[in-house]
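Chemist: Here it is, the structure in full.
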Amino acid sequence: MAEAYAWWQTGVIYQVYPRSFFDSNNDGVGDIPGITRKLDYFSWLGVDALWLSPIFLSPMADFGYDISDYCAVHPLFGTLEDLDTLVHAAHQRDLKIILDYVPNHTSDEHPWFQEARSNRTNAKRDWYIWRDQAHDGGPPNNWVSQFGGRAWEFDALSGQYYLHLYDAKQPDLNWRNPEVRKAMYDVLRFWLDRGIDGFRVDALQGVVKDDLFRDNPPNPTWQTGDPPYLAQIGRYTENQPGLHEITQEMRAVVDGYKQRMLIGEIYLPMEQLVSYYGEQLDEIHLPFNFQFVTMRTWEAQAVRQIVDAYEAMLPPGAWPNWVLGNHDRTRIATRIGREQARIAQMLLLTLRGTPTCYYGEELNMQDVPVPLALIRDPMGKENPEHSRDLVRTPMQWDGSAHAGFCAAEVQPWLPVADDYQLFNVAAEKEDTRSMLTLTRTLLHLRRTQAALTIGDYRSLAIENESCFAYMRHYQEQRYLVVLNFSAREQVVQLSGQAQIVLSTHGDRTGSVDLSALHLRGNEGLLLAHLPDH
Ligand code: GLC
């Protein structure tokens, strides 16, 4: 069935945050051999590709998103050989490996930046974005950093400001410079030659900046409690002319190899986001669809509206994708609660398009409070209420010390959840009603039922405002998904007969009459629609 489809269309992606996955050498930090040791877990679970957050050489000001050598592995994570071993072992199991690619900025400790800042006439000066101070002696314009504060840092040595849309230790590269582009495309080739299957491209929306450096306007929809960087609209720092040319060039590099792909971290409104598939589908294979991550209210009608609008907006031939969480955002089970997180999981894994799962979601892990003194994230140091450490805590493997993430006598780099005895792989494997069992069953169904892997999607008009119902259809196969977004019992009226294949409660099978379909509070059902006759 899947011949005409690429692996990144039929498959499911799993995001590993390497620092927190499994510590193989007892230093309290997860590493590459640790991921290799856990490969059987991914095969058992039934995912197809692993995306690893950065494992490159870095001073770790932003935990690897500040890179000082794009082609070297940080010793904390292992060696280049360890990575080769992981790729080889993964491929033997039919698992793909996707690396993070961070084009917007390097570390200030990258030799390129060291050269650039050494003096104004250095050949690499123009590899970064330097501006003189404004007439009043302040920064060149009003742009703010994603982590809070100004996006400009004054470099006393050369008497100019450099731009950093993130931390001051992450100077932005100047992608208008052809030498930068060439060097950065060589980075892609370096990893593609080593057998890497794809890249998740970091912070793409801001890679090109306004060439006139105009001030950004204030954001009228900003609410108290929102991260400070949202107080400004990125009119001159996001989605700028010239960015599509760059995504086309990145794509051309990747297309020089067989079966490779690009995922784009692009935080933009939907109509702009979908333009990054490319007019000829010649840009990003999967521009991340963050709608379930950024939406403010988790309600049936809001979700239906998002899915239908997105499906309608996709350019012809473009492949959809969905995601519930990542290493930057509050975990889904914290945002909507553990009961509704099961609904979200059924939704994620039965919609049309490629799902990306964040590690721990399959266990129903929640954010872990991190005491002020232990905050590591630069965003958290600036604004403790926006710390991302909470969603990056150690993976919970079993009921032993530190949830089996590292040896008992070692301190993990971030605290382990208090409730890890209940929520861990070993315990949930044994429990037929756990989130892990639900996830694994959904992944199995998704893989084996063509309607779920590649079938059409159609939402169904129902009277009940608390529920969302849709159909997945391929040839003779018709699956129906009905999700109850409320904690109360609901009745949904459809027509015909169906067979319950799976309930999110894990305890219900048998045939049902769809004219009065009862769902318990927080229940989702996957049903095989039976032919009318
Ligand atoms: C992306 C990453 C985030 C990082 C930032 C700067 O948004 O997901 O973790 O801090 O880019 O690289």
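Chemist: Within the range 363-385, is there a residue that is among the charged types (D, E, K, R), within 29 Å of His285 (Cβ to Cβ) and buried (at least 22 other Cβ atoms within 10 Å of the Cβ)?
Modeler: No.
Chemist: Sticking with this one: Scan Leu76, Leu39, Leu57 and give me the residue that is more than 16 Å from the ligand (Cβ to nearest atom), of a type in the set (A, V, I, L, M) and open to solvent by 40 Å² or more (accessible area, probe 1.4 Å).
Modeler: Leu76
Chemist: Let me ask something additional. Can you tell me which residue within the range 158-196, out of those that are free of Cβ contacts under 8 Å to residues at least 60 places away in the same chain and of a type in the set (Asp, Glu), is nearest to the ligand (Cβ to nearest atom)?
Modeler: The qualifying residue nearest to the ligand (Cβ to nearest atom) is Asp186.
Chemist: Val293 is checked against (1) away from the ligand (no atom under 16 Å from the Cβ); (2) within 24 Å of Ile332 (Cα to Cα); (3) touching a residue at least 24 places away in the same chain (Cβ under 8 Å) and fails just one. What number does that condition carry?
Modeler: All conditions are met except number (1).
Chemist: Looking at Thr432, is it part of a loop (DSSP other than H, G, I, E, B), surrounded by fewer than 20 Cβ atoms within 10 Å (Cβ to Cβ), more than 22 Å from the chain's Cα centre (by Cα) and of a type in the set (Val, Ile, Thr)?
Modeler: In short, yes.
Chemist: Taking the range 268-311 as the region of interest, how many residues are of a type in the set (Ser, Thr, Tyr) and open to solvent by 50 Å² or more (accessible area, probe 1.4 Å)?
Modeler: 2
Chemist: Does Thr237 satisfy the criteria of being within 15 Å of the ligand (Cβ to nearest atom) and either more than 26 Å from Ile98 (Cα to Cα) or without any contact (Cβ under 8 Å) to a residue 12 or more places away in the chain (or both)?
Modeler: yes
Chemist: Could you please let me know if Pro33 is of a type outside the set (Ser, Thr, Tyr), at pLDDT 95 or above and closer than 23 Å to Met395 by Cα?
Modeler: So Pro33 fits the description; yes.
Chemist: Quick one: is Tyr229 hydroxyl-bearing (Ser, Thr, Tyr), in contact with a strand residue (DSSP E or B) (Cβ under 8 Å, 6 or more places away or on another chain) and under 19 Å from Gly149 (Cβ atoms)?
Modeler: Answer is yes for this residue.
Chemist: Residue check: is Arg214 open to solvent by 40 Å² or more (accessible area, probe 1.4 Å) and more than 20 Å from Glu265 (Cβ to Cβ)?
Modeler: Here the answer is yes, as Arg214 does meet what is asked.
Chemist: Let me ask another. Looking at (1) crowded, with 18+ Cβ neighbours inside 10 Å; (2) under 24 Å from Thr121 (Cβ atoms), can you tell me which one Ala156 breaks?
Modeler: With (1) crowded, with 18+ Cβ neighbours inside 10 Å; (2) under 24 Å from Thr121 (Cβ atoms) applied to Ala156, the lone miss is (1).
Chemist: Can you tell me which residue is nearest to the ligand (Cβ to nearest atom) among those in the range 138-149 that are open to solvent by 30 Å² or more (accessible area, probe 1.4 Å) and farther than 26 Å from Ile246 by Cα?
Modeler: Gly149
Chemist: A follow-up question, please. State which residue is nearest to Tyr14 (Cα to Cα) when the search covers only the range 42-54 and only residues that are of a type in the set (Phe, Trp, Tyr) and more than 16 Å from the ligand (Cβ to nearest atom).
Modeler: The selected residue is Phe42.
Chemist: Can you tell me which residues in the range 511-528 are part of a strand (DSSP E or B) and open to solvent by 30 Å² or more (accessible area, probe 1.4 Å)?
Modeler: Of everything in the range 511-528, those that are part of a strand (DSSP E or B) and open to solvent by 30 Å² or more (accessible area, probe 1.4 Å) turn out to be Ser511, Asp513, His518.
Chemist: Any idea which of (1) crowded, with 18+ Cβ neighbours inside 10 Å; (2) under 22 Å from the mean Cα position of the chain (by Cα) is the one Ala469 doesn't satisfy?
Modeler: (2)
Chemist: Related question: Is it the case that some residue within the range 220-238 is surrounded by 14 or more Cβ atoms within 10 Å (Cβ to Cβ), touching a Lys or Arg at 6+ places or on another chain (Cβ under 9 Å) and under 30 Å from Val73 (Cβ atoms)?
Modeler: No, that holds for no residue.
Chemist: Which of the helices (runs of 4 or more DSSP H) found entirely inside the range 311-423 contain at least 2 residues meeting this: within 16 Å of the ligand (Cβ to nearest atom)?
Modeler: Where helices (runs of 4 or more DSSP H) fall fully within the range 311-423 and carry at least 2 residues being within 16 Å of the ligand (Cβ to nearest atom), they are 378-382.
Chemist: Let me ask something additional. If I go through the range 486-518 residue by residue, how many of them are more than 22 Å from Arg446 (Cα to Cα) and either acidic (Asp, Glu) or touching a helix residue (DSSP H, G or I) at 6+ places or on another chain (Cβ under 9 Å) (or both)?
Modeler: Summing the residues that are more than 22 Å from Arg446 (Cα to Cα) and either acidic (Asp, Glu) or touching a helix residue (DSSP H, G or I) at 6+ places or on another chain (Cβ under 9 Å) (or both) in the range 486-518 gives 10.
Chemist: Please find, among Glu245, Glu249, Glu271, the residue that is without any contact (Cβ under 8 Å) to a residue 40 or more places away in the chain and more than 16 Å from the ligand (Cβ to nearest atom).
Modeler: Just one listed residue meets the conditions, Glu245.
Chemist: Identify, please: which residue in the range 79-100 is open to solvent by 10 Å² or more (accessible area, probe 1.4 Å) and touching a Phe, Trp or Tyr at 6+ places or on another chain (Cβ under 8 Å) and is, among those, farthest from the ligand (Cβ to nearest atom)?
Modeler: Across the range 79-100, the extreme among qualifying residues is Arg93.
Chemist: Just to be sure, is Trp127 out of contact with any Lys or Arg (no Cβ under 6 Å at 6 or more places or on another chain) and either open to solvent by 20 Å² or more (accessible area, probe 1.4 Å) or not assigned by TED's automatic domain parsing to the domain that holds Arg200 (or both)?
Modeler: So Trp127 passes the test.
Chemist: Take the conditions without any contact (Cβ under 8 Å) to a residue 12 or more places away in the chain and either in the same structural domain as Val391 (by TED's automatic domain parsing) or on the phi < 0 side of the Ramachandran plot (or both) and apply them to Ala312. Does it pass?
Modeler: yes
The values are calculated or read from the model by the stated rules, or taken from the named source; none is laboratory data. This structure is a prediction, so every number in the text was calculated from the model and none was measured. All Cβ positions, glycine included, derive from the backbone under ideal geometry; neighbour counts span all protein chains shown. What goes into the accessible areas is simple: the full protein's heavy atoms, side chains included, and nothing from ligands, DNA or RNA. Shrake-Rupley method; radii C 1.70, N 1.55, O 1.52, S 1.80 Å.
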